[in-house]
Structure formats: C-alpha cells, structure tokens
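Student: If you scroll down you'll find the structure; I have some questions about it.
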C-alpha cells in the first residue's frame, strides 16, 4: 500500500493473553482490522468477547495488567507494540486518546475537573498553567459544558453523568488526537444523554477529522456512527463489513442473534425478543471448532471440529465472515428470519 | 462547617466529663491501696492516717469528692494535688509533657517515614520477593511487644550495656531546649522501638489501600493521558490511597501516648507515661486521673482534627 493510502491504524493478528492461576485467558485471539483517517470502526460484542481488551491494547494499557501481547499494531506504519513504555507515553493522550465506559469512576474524585484536563494538556504541550487553563475552558465549551469558565473549578461529583462524559471527551481532545478510542462511551448514561453524547462525538470527529474506534455491545450505537463494523465473539472477529451491509445482509448466526435481540419501537410489536441462548464461553478453554457452535441453532456436528477462518463473502470482498454454513443456506436462513 | 465543628467540640467536652467520671469511679470503687496509709508510711498510728485522710479530703462522701473534683477540673482547670508529693498535678504533667510529645511526634514521623514507602513499594511490586520479605518482616514487628523490643534494643545497641555501642542507653534523655543533639540521639532508639509496630501496620495499610486504588478506573485514565508511571502512582494513586490512612493516623498518634508508657519506663524517659506508671503503683489517684484525662483530651482533639482534615482531603465530604 502506498504511503498516501496508508491506513491510520492497522491491527494485524493481535493476540492478548492474561496468565492467571486457572490458566491462560485468551482475551483477544488473533484479530486484524484497518482504520482509515477520519473513518469510524465499530467493534461490537457481548461482555467478555475481548472487545475492551483489544481497545486497551492499542494504547498499551493492558501491559500494566500483566498481559502478553503479540501481533502488530501500526499507527501510521509505526508498530506500537515494539515501543518502550516511555515512547508509548508520548503517544497516549496525544496521538491516540481514549474515553471510557463509566465517567463517574474514570475521573479522579479528588481533583477538580479542570485540573485533570490541564494535566492532560501539559502532559504533551509545553505551555504555562494559565495557557493550559484557557485551553481547558475552551475545550469544555467545545464539548457543550455550559458556563465553562465557572465549571472548570468544579469537582467531578458536582457534574452530572452526561457532563462527566463530556469532560472526559474534552480531556481526550486536549491534544487533538488522530485516533479516538471510545470504550462503551454511552453505556453508563441515560438514554436521552446517550443520544447527545453520540451526536457530540460525531460532530467532533467530523470537525477534527479524527479516526475513531467505538467499542460497544449496542448495535444501535454503531449503526448510526460507524463506517465499518466488526463483530467479536470469544476473542475473535467473526464478521466484518461496511456498516450498512452488515446491518442489512448479516452473514453470521451470532450477528443475526445480536440484530434480533434489539427491541424496536417502529413497526408492529413482536411478541418476544429473540435472545441468544447460552452464555459467552470460557476464554481459558474456548469451545473446539467454531467457537460459537455450542450456542448456534444451525450448527452441524462437524462444526465442533472445524475452525472456520474469516473468509470474504462472494461478490463483496470487504464483507468477511467466519461461518461454516454454506453461503446459499445462510442467505436462505436470514431471509426467513427477517 | 463551623456549626459542625462547634457541635463536635461540645460533644467532646461531654465525653471528657464522662471519662473523668468513669476513671473517678474506677479508681475509688475498685480495691487498690489506701492512699492515706501509703502516704503515712510504715507503723503510722491510726490518728496520723485519719489526719492525712482528712487533709486529702478522703473522709468526705464519694459524691462530695466527685463534685469537688469535677468543679475544680472543669471550672478552674485544676487537676488537684498529688497524694504522694503534694505537688500540683497540672505542674507535674506540664513538666513532663515535652518528653512525651517529643517521643510521640518523633515516633510518628519515623513510622510514617518507614511504613508508607515500604507499603508503596510493596503495592507496586506485589508478590515479588521484596514484597513478601517486607510484609513478613512487618508481621514480626506487629507481633513484638514494645517493652520486649525496647529491652532487646538496649541489650544490642545501648552505649552502656549494649553489644554494639551506638545509641545512648536508658536514662539519657535531655530536653530539646537544653541540648538539641543530645535530645535527638537519646530519643532515636525509643523512636524506632515505639514506631516499629505502627510502621509495620501502616506499611500493610498502605499496601492494601494503594493496591485497591491502582485498580481504579481513574488510574487507567491517568495512564491513558500519557502521564509517566511515577506521576500516575504518586499524584493519582497515593493521593487517593492516603485518605483512609490519614483518618486513622490522628487517632493512632493520640493512642500512641498510651504505648509510650512502656517505652518511657524501659528507656527511663521522664514523660507522662512514666509519671502515670509511678502514680498507679502509689495509688496516686489525682495524677492517674490527670493523665487519663489528658489522654482522653488528645483523642477527642485528634478526632475533631481528623474530621476537619477529611473535609479538606476529600471534596465529596462536606459537613452540614
């Protein structure tokens, strides 16, 4: 690929293992994806699918938890996994920023909101405290905090949940990162606030031209914002495609399950939502063959033996799926489910 | 906040009255030596004893004695006179307060200076040899009684009887104002002995508090900002982990006055502890009562200080 067409972020065969007393937890089991500048990737999956670990590993934040990380994570061609802790610190919060699920625990309870953002500014820019404070007030205004000149001196507990997440976003934007990773950015918030935060993220992404990775269990969140979607199950990507394609013509039984478990207000009221039976598998000893086969109602006996690779769907090379069912059969089943 | 503090102070005074009453009852009701007889010496005639009893006011009813005592203490800050030497208790305590405060404050500095860094390092290097060694060592010092540790320390290091003569031995204490260097060197060993147990406890406290804090989301946020690990630990981790420790610190320093008794006796330091120890053996109630009251005062004041400090340390705490 030429330098101009080089993706912003390129993750290749990423493995993240956590050694524990019960065995090695394979939280991320060989995932690969690419993200272009200004593009948004949604990573979707249940709790325990490894999606958060995959996101944290990009920033090298799983190192502190004793993870063993393998593969390559290229930011504009530079392999982040080969960097020292000191070199990574220059990238964190500067070129790549992150916002987290629960803004009430992600902000330090004992420091003023403004001081925490000032710290982020001064971590990467050699500016005076007064300058950094000016910039902080500007950032708070940018993310829609009313009266930022006064609220800059509030403590986190004086902010509402939505305002805290706005403050986290302001902190993440402090150094105008090229890539923003949002880990379940709206999960801990009220529904009305969720929509506001998503709209804010979308606006800022477009204004600043950031690439964005949104990690969520909620297909509704990524349906609106993401250009591409990757569905994760048991540490692997089982299906990936352009957002519209994935939502309209999903190929993997797990994706079907996710789509069918979303309640809709529009259209006739269905009698019951269709939950996915069973629970996420152990990541210490994942199921043999296709990891999803114990919960898949279409599984055949041989699916317990054969491990499917991520293969392109016929006619659309950007749409890839890891499923052992025949293409025609998948199409027929999905038509029936809709 | 002001209203809260005033309320706390009023409660404190009430508590002190209760403590005074309790010690009064304890020492009068429980069987101890008769102070008049002790003061009269051997082979004293019953008349002499009766006269002493009258002079000390011990022939009045218990209730009357109690009333007189309370009135003197709380209205005139007069703690009475020693049964034994007739010296005013307030003066006796004032003379010895310096030594005890020197001992307690110095020991607290030593214990924090040793305990907290060990706790921090242990928390960051969990399950390493260093961590296990310091936590094992801590257990030894927590279990060792101060008087035993004191005697061992003297046996090993005292200038007069020690195997390795490095520190001045027992009875070498001088006031800070008369000779600062001698004051310092004579207290070094007592500080270490008195601080050992607390340093060990605080190392363990700090370790568990910081271990918990380092798993918090805001630590991850601090790392995600690109801060150095040193700043993450000290500015974000330790700052939050120290709060619960400050809460108990003031109380522990106040109760340290109690453990100081044994160390003062072992090292022959003329402090409050030694004063009360001698007073107990002589059934010298006014002194015992005075020192108990002083101890209670320390604890009440420490409690109020902790609450005030907490409001400053944790912005989420606001008293109304």
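The values are calculated or read from the model by the stated rules, or taken from the named source; none is laboratory data. Here the structure is a predicted model, which means the values were calculated and not measured. Cβ atoms come from the backbone with ideal geometry, glycine included; neighbour counts cover every protein chain shown.
Student: Which members of region A:86-100 meet the condition of being more than 8 Å from chain B (Cβ to nearest Cβ), surrounded by fewer than 22 Cβ atoms within 10 Å (Cβ to Cβ) and either closer than 13 Å to residue A:174 by Cα or touching a residue at least 40 places away in the same chain (Cβ under 8 Å) (or both)?
Tutor: A:95
Student: Right, next: Restricting attention to region A:38-50, does a residue exist that is at pLDDT below 95, more than 18 Å from the chain's Cα centre (by Cα) and either crowded, with 16+ Cβ neighbours inside 10 Å or facing another protein chain (nearest Cβ under 10 Å) (or both)?
Tutor: Checked region A:38-50: no residue is at pLDDT below 95, more than 18 Å from the chain's Cα centre (by Cα) and either crowded, with 16+ Cβ neighbours inside 10 Å or facing another protein chain (nearest Cβ under 10 Å) (or both).
Student: Residues in region B:208-221 that are more than 7 Å from every other protein chain (Cβ to nearest Cβ), over 14 Å from residue A:63 (Cα atoms) and buried (at least 16 other Cβ atoms within 10 Å of the Cβ): how many?
Tutor: The qualifying residues number 4.
Student: Over 19 Å from residue B:240 (Cα atoms) and touching a strand residue (DSSP E or B) at 6+ places or on another chain (Cβ under 9 Å) - does that describe any residue in region A:151-168?
Tutor: Yes, some residue in region A:151-168 is over 19 Å from residue B:240 (Cα atoms) and touching a strand residue (DSSP E or B) at 6+ places or on another chain (Cβ under 9 Å).
Student: Can I ask one more? Look at residue A:178 and say whether it is touching a residue at least 60 places away in the same chain (Cβ under 8 Å) and either more than 13 Å from chain B (Cβ to nearest Cβ) or over 19 Å from residue A:92 (Cβ atoms) (or both).
Tutor: When the stated conditions are applied, residue A:178 passes them.
Student: Scan region A:108-115 and tell me whether some residue there is touching a helix residue (DSSP H, G or I) at 6+ places or on another chain (Cβ under 9 Å), more than 9 Å from every other protein chain (Cβ to nearest Cβ) and at pLDDT below 95.
Tutor: no
Student: Another question about this same structure. When you go through (1) modelled with pLDDT of 90 or more; (2) crowded, with 17+ Cβ neighbours inside 10 Å; (3) away from chain A (no Cβ under 12 Å) one by one for residue B:226, which number turns out not to apply?
Tutor: Looking at each condition in turn, residue B:226 falls short on (3).
Student: Do we find that residue B:311 is within 12 Å of another protein chain (Cβ to nearest Cβ) and over 17 Å from the mean Cα position of the chain (by Cα) in this structure?
Tutor: no
Student: Given B:250, B:260, which one is surrounded by 17 or more Cβ atoms within 10 Å (Cβ to Cβ), away from every other protein chain (no Cβ under 14 Å), without any contact (Cβ under 8 Å) to a residue 60 or more places away in the chain and closer than 26 Å to residue B:298 by Cβ?
Tutor: Being surrounded by 17 or more Cβ atoms within 10 Å (Cβ to Cβ), away from every other protein chain (no Cβ under 14 Å), without any contact (Cβ under 8 Å) to a residue 60 or more places away in the chain and closer than 26 Å to residue B:298 by Cβ holds for just one of B:250, B:260, which is B:250.
Student: Okay, moving on. Could you look through region A:53-77, keep only residues that are under 16 Å from residue A:214 (Cβ atoms) and either within 11 Å of chain B (Cβ to nearest Cβ) or without any contact (Cβ under 8 Å) to a residue 24 or more places away in the chain (or both), and pick out the one that is nearest to the chain's Cα centre (by Cα)?
Tutor: A:55
Student: Could you please give the count of residues in region B:229-247 that are without any contact (Cβ under 8 Å) to a residue 12 or more places away in the chain and within 12 Å of another protein chain (Cβ to nearest Cβ)?
Tutor: Total satisfying the criteria: 4.
Student: Among the residues of region B:226-242, is any part of a helix (DSSP H, G or I), within 24 Å of the chain's Cα centre (by Cα) and farther than 30 Å from residue A:85 by Cα?
Tutor: The answer is no, given that none of the residues of region B:226-242 is part of a helix (DSSP H, G or I), within 24 Å of the chain's Cα centre (by Cα) and farther than 30 Å from residue A:85 by Cα.
One line per residue, one yes/no per condition, for (1) in a helix (DSSP H, G or I); (2) modelled with pLDDT under 85; (3) out of contact with any helix residue (DSSP H, G or I) (no Cβ under 8 Å at 6 or more places or on another chain); (4) closer than 22 Å to residue B:81 by Cβ:
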{"residue": "B:10", "(1), (2), (3), (4)": "yes, no, yes, no"}
{"residue": "B:18", "(1), (2), (3), (4)": "yes, no, yes, no"}
{"residue": "B:26", "(1), (2), (3), (4)": "yes, yes, yes, yes"}
{"residue": "B:31", "(1), (2), (3), (4)": "no, yes, yes, no"}
{"residue": "B:36", "(1), (2), (3), (4)": "yes, yes, no, yes"}
{"residue": "B:58", "(1), (2), (3), (4)": "no, yes, no, yes"}
